[in-house]
Amino acid sequence: MPFMGWGGSPSDPLYGGGLHLTLFVPIGCELSSERSSYTFQMPEEWQCEQQLALRTICLGAQARDEFHVLELVPNEEGAAVPLATLKPSVLPMVTLVGVELTPPVTFRLRAGSGPVYISGQHVASKTPTHYQPLPPHSDP
Amino acid sequence: MPFMGWGGSPSDPLYGGGLHLTLFVPIGCELSSERSSYTFQMPEEWQCEQQLALRTICLGAQARDEFHVLELVPNEEGAAVPLATLKPSVLPMVTLVGVELTPPVTFRLRAGSGPVYISGQHVASKTPTHYQPLPPHSDP
Amino acid sequence: MPFMGWGGSPSDPLYGGGLHLTLFVPIGCELSSERSSYTFQMPEEWQCEQQLALRTICLGAQARDEFHVLELVPNEEGAAVPLATLKPSVLPMVTLVGVELTPPVTFRLRAGSGPVYISGQHVASKTPTHYQPLPPHSDP
Amino acid sequence: MPFMGWGGSPSDPLYGGGLHLTLFVPIGCELSSERSSYTFQMPEEWQCEQQLALRTICLGAQARDEFHVLELVPNEEGAAVPLATLKPSVLPMVTLVGVELTPPVTFRLRAGSGPVYISGQHVASKTPTHYQPLPPHSDP
Amino acid sequence: MPFMGWGGSPSDPLYGGGLHLTLFVPIGCELSSERSSYTFQMPEEWQCEQQLALRTICLGAQARDEFHVLELVPNEEGAAVPLATLKPSVLPMVTLVGVELTPPVTFRLRAGSGPVYISGQHVASKTPTHYQPLPPHSDP
């Protein structure tokens, strides 16, 4: 069962003051035999540049001891791209920090019955041209 | 038993001179059956932008040989996001450098009896508009 | 059998507006006994700076339990450079985020019968001098 | 027995020309039952911003097959923060690239008899305001 | 037997146009009982800033199942710094992306009979003051 992350939106005080240029909102999904694919959509109310920044892929504690292969499914034509191979008794998780993808992004379980958890952060960047600097002041 | 990190504050000489833009303060907590969740709060005296930069998640030497699953708990509605799956005989630790979260951040042990240690650094950034450059001088 | 990634081109709205400076297009290939080498070419219609940013190298679920060694093959003279050593029962995948190579880039299976999957992203950067900032406007 | 790294100082030609803004000097220490803690000090002759950038933590070939837990010891009050858990037959090393700490930094072996090796680089940064650009010239 | 990487030099079209600021040239070496140390030298024809950016360290498919410890040897006085501990049946490779060293850099096999492969990229950076921007033009 896929699930959405929590909290944080462009209307947050943290975001609106011209002081913060980037917002990171944790997000995740769960893949298994019952639901073997999931698509991360772009939140509609966000109108600036967006990315899905992957964080980790990890197996659930109850996953069977078999190879789980996770793949990226293309939005258009082309073959899927295997991204991770995990097995509880060998490698139960992997860090994918630094992998950023443009939504919509679809993941599919090519092998294994899961559960496999994908964690990431939605990144919304405001370009520097929008940046309103605070008036200069002396250091506290 | 969770515990706080040490040292370093915005009143440190390192921080106040206009020369250093970012402060990294090590911080950590311990999760186990006795205390299965912990929330990293934002230090109140810090008023500038802050992040919790994760560093590593590792098992204690005495942890039972079972899967330990650590999850992020949302501040608002929504399901928790599993972030790491560790087991002493398979993978006793993982590096999560590059994962930054906005406090308050709550971690919970979804599976396993621990101890699981989370290490990170509180990052306090001063925006460039506050930056007071030193007067130019010739190189030594 | 090698395969190409999907989607995204310099004619995409995402790319053309002067707002986005970099395009990441997922791409991958599969190496095995049948096809033990593959060359990532530079897409011809792209005329700006390009890189192949590696993401992960992972074994297929059906790979034999033997060591698989993947090497980079030089475009000119010189010996190949081993880049990864994987084995299903020991280490079924590795993350190579941060490794960027200039196409054409050729990978070859030095040992093992595969399948070995290489995932990456074609990175096309527009230099800042091409950047057309949006007219300034007040924050929403 | 702890040991110091080698080479490189602010008086090096590499450092003094205004062309290079950052200096990386390899450094390391060894922890074991005989010496279970070590403090990385800041070289006194360096007067600019400094950091200890961790690189790897690895076990010696002769380490006993037991869990080794390495922790950061606070300079002031507060509990130590476990940073890494290694075992020869499970995970004999870990990469900690991206973890930077402000000296003095003290590491201690909480569990295990070692040897455990910590490698890092002393980073000395010169701020951009000190930067003297070369006069412009045509490309070679 | 150590070996040099391939391709790419400052006289390449990619490098000379003022458009590209950094050149990455893959490079590697092999260490074993027969040749247990190797020094990466700085290519003489390169006159700008240079670094050896490490990528991966991996064992050959035929390596004996023993611990292999790789260390950095100082150019001047001081003890060597162990950097990686690998074993075929436990951890056959490691990623060292983010570790950059100033040539000459000497690696030595402290334990194990190899083969151990070190892969990296020679990085030659041109400083921004040399940068000749293209004349501004409208987006395609």
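The values are calculated or read from the model by the stated rules, or taken from the named source; none is laboratory data. All values reported here derive from a predicted model rather than from experimental measurement. Cβ: placed from backbone, ideal geometry, glycine included. Neighbour counts: every protein chain shown. Remember, those area values only see protein heavy atoms, side chains included, never the ligands or the DNA or RNA. Shrake-Rupley method; radii C 1.70, N 1.55, O 1.52, S 1.80 Å.
Data overview
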{"item": "Leading residue by the ranking (nearest to A:Phe40 (Cα to Cα)) among those in region A:70-89 that are part of a loop (DSSP other than H, G, I, E, B) and more than 7 Å from chain C (Cβ to nearest Cβ)", "result": "A:Ala80"}
{"item": "Residue match in region D:34-53 (condition: facing chain B (nearest Cβ under 7 Å) and at pLDDT below 85)", "result": "yes"}
{"item": "Verdict on D:Gln62 being closer than 19 Å to D:Cys29 by Cα, modelled with pLDDT under 95 and more than 8 Å from chain B (Cβ to nearest Cβ)", "result": "no"}
{"item": "Within region E:54-69, tally of residues that are in a loop (DSSP other than H, G, I, E, B) and of a type in the set (S, T, N, Q)", "result": "1"}
{"item": "Qualifying residue in region D:95-106 (condition: modelled with pLDDT of 95 or more and either open to solvent by 50 Å² or more (accessible area, probe 1.4 Å) or more than 25 Å from B:Leu23 (Cβ to Cβ) (or both))", "result": "no"}
{"item": "Residue, farthest from C:Leu86 (Cα to Cα), within region C:17-33, restricted to residues that are assigned to a loop (DSSP other than H, G, I, E, B) and modelled with pLDDT of 75 or more", "result": "C:Ser33"}
